[in-house]
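Below is one structure; the comments refer to it alone.
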Amino acid sequence: MKFSISKEAFLAALQQVQHVVSTRTTLPILSNVLLKADKGGLQLTTTDLDVGVSGIVAADVTEPG
């Protein structure tokens, strides 16, 4: 996966999805953000197994992944 995005756009998208991530979780995987890059942009996804949030931000994707 290779993509190019401005720091400000990435931080804004990350702030939108990070509210679901709990600081006190029993499963460490739930404190992460899934990044998926494709021709539509960069998709960020988080979940706490009850609620999930996903957002897409424009990015210059050279290699999807």
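Could you work out the helix-only [θ] at 222 nm for the chain, with each DSSP H run of four or more residues adding -39,500 (n - 2.57) and the total divided by the number of residues, to the nearest 500 deg cm²/dmol? Can you show the working numbers first?
Details: 1 runs with 11 residues, N = 65.
My calculation for the chain gives -5000 deg cm²/dmol from helical runs alone.
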Okay, which of segment 9-42 sit inside 17 Å, backbone N to the point 7 Å along the Cα-Cβ direction of LEU49? 20-33
Rg and Dmax [Cα atoms of the chain; Å; Rg one decimal, Dmax integer]: 12.3, 36
Under DSSP loop assignment and at most 16 Cβ neighbours within 10 Å, longest trypsin sites (Lys or Arg not before Pro)-free interval of the chain: 40-65
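Computing the accessible area with a 1.4 Å probe over protein heavy atoms, can you report the carbon and sulfur percentage for the chain?
Details: 2600 of 4720 Å².
Taking all protein chains in place, the chain shows 55 percent carbon and sulfur surface.
Skip the ligands, DNA and RNA, and give the accessible area per residue of the chain with a 1.4 Å probe, whole Å². Before the final figure, lay out the partial values.
Details: 4720 Å² over 65 residues.
Averaged over the residues of the chain, the accessible area is 73 Å².
The values are calculated or read from the model by the stated rules, or taken from the named source; none is laboratory data. Quick caveat: nothing in here was measured; it's all calculated off a predicted structure. Glycine also receives a Cβ, built like all others from the backbone with ideal geometry; neighbour counts cover every protein chain displayed. All accessible areas refer to the heavy atoms of the entire protein, side chains included, with ligands and DNA or RNA removed. Shrake-Rupley method; radii C 1.70, N 1.55, O 1.52, S 1.80 Å.
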